[in-house]
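First up is the structure itself, then whatever we jot down about it.
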Amino acid sequence: MFTPFQNAALRHHAVSPTFSGAVTERLSVAGFDAAETEISSWEGYNPTHLIPLTGLAKHLELGNIHYKHEGPRFGLGSFKALGGAYAVLQVLQRELVKTLGHAVDPADIRAGTYAAQSKALTVISATDGNHGRSVAWGAAQFHTNCRIYIHAEVSEFRAEAMRQLGAEVIRVDGDYDATVAQTRVDAQEHGWLIVSDTSWPGYIQPPLDVMAGYGVMAREVTQALDTPPTHVFLQVGVGGLAAAVTAALLRAARTGLGCAGGCRQGFSDHPRKYRWSDGPDFGKRQCRRCTF
């Protein structure tokens, strides 16, 4: 019934997460609250299913295992559907406030009140496919233009999925880091707005918006269970999803949480991209790409 992956490797890092620094200040309860209030008001929003894997739990002699099935979210077929779209809205709102000189209600952006102003703007992002799909969908929902940058190894299927959502897709000759670098060059040259899930010095708020959106998924989990989970297994990538879900679940668990992350490339194959270290504020392991 259960066959381990032949090439999988488990590396354990014993740490004690704390609620200090970035966890309480940047991944704040208020930020998660705002994302939940906004996203839950979107047309088509419904909590995704938390599916009990009873047979697997019994085989592994565990109390319960649940699978959070994100595929149906807004019809995107992506486990990152929440973060990118929410960040698009936040970036647009800040830009419109700056341009118009008065408060802008996100509901009015959604309703098209500022469609003319939004259509004069362009949001851009680098992606392997999942984050870009959410950004493209969000751009369409909020009446703005979208350019998505992909690297040489991203499949044409993923590229076409983003085109179908209205994005212009640009393939960069290089790896993911090269696509991120190109977005920064093009944004500077054309005045476009970057909606990245990767942070760098001087660029922090949009990735935090992305993470706040991911927190909604974690809150759905805690709301669906009688007791908070003791362990969570999730994809790592650039680190935003893992950090956001862990932070949201830790607040619910209070007594602690075991967190295990994986990446299809494997940490040992990409030591530069996926070196883990004690974060400056998190008190836990984090990817060096995620700068807080």
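The values are calculated or read from the model by the stated rules, or taken from the named source; none is laboratory data. Note that the coordinates shown come from a computational prediction; the quantities given were computed from them, not determined experimentally. For neighbour counting, all protein chains shown are included, and Cβ atoms are generated from backbone atoms with ideal geometry for every residue, glycine included.
Below, the figures for the structure above:
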item	result
Subset tally (residues that are more than 23 Å from L121 (Cα to Cα) and either without any contact (Cβ under 8 Å) to a residue 12 or more places away in the chain or of a type in the set (F, W, Y) (or both)) for the range 138-176	3
Criterion (in a helix (DSSP H, G or I) and in contact with a Lys or Arg (Cβ under 7 Å, 6 or more places away or on another chain)) met by exactly one of A136, A161	A161
Residue identified as at pLDDT 95 or above and among the small types (G, A, S) among S40, S20, S28, S16	S40
Scope the range 43-87; condition part of a loop (DSSP other than H, G, I, E, B) and farther than 28 Å from R163 by Cα; matching residues	L53, L60, E61, L62, G63, N64, I65
Check on V104, more than 13 Å from P207 (Cα to Cα), part of a helix (DSSP H, G or I), of a type outside the set (K, R) and free of Cβ contacts under 8 Å to residues at least 12 places away in the same chain	no
Within the range 120-130, tally of residues that are touching a Leu at 6+ places or on another chain (Cβ under 9 Å) and crowded, with 24+ Cβ neighbours inside 10 Å	2
Test result for V210, under 30 Å from T24 (Cβ atoms) and either surrounded by fewer than 19 Cβ atoms within 10 Å (Cβ to Cβ) or within 17 Å of the chain's Cα centre (by Cα) (or both)	yes
From V180, V221, residue being under 28 Å from L92 (Cβ atoms) and of a type in the set (V, I, T)	V180
Test for K68: is it among the basic types (K, R), surrounded by 11 or more Cβ atoms within 10 Å (Cβ to Cβ) and modelled with pLDDT of 95 or more	yes
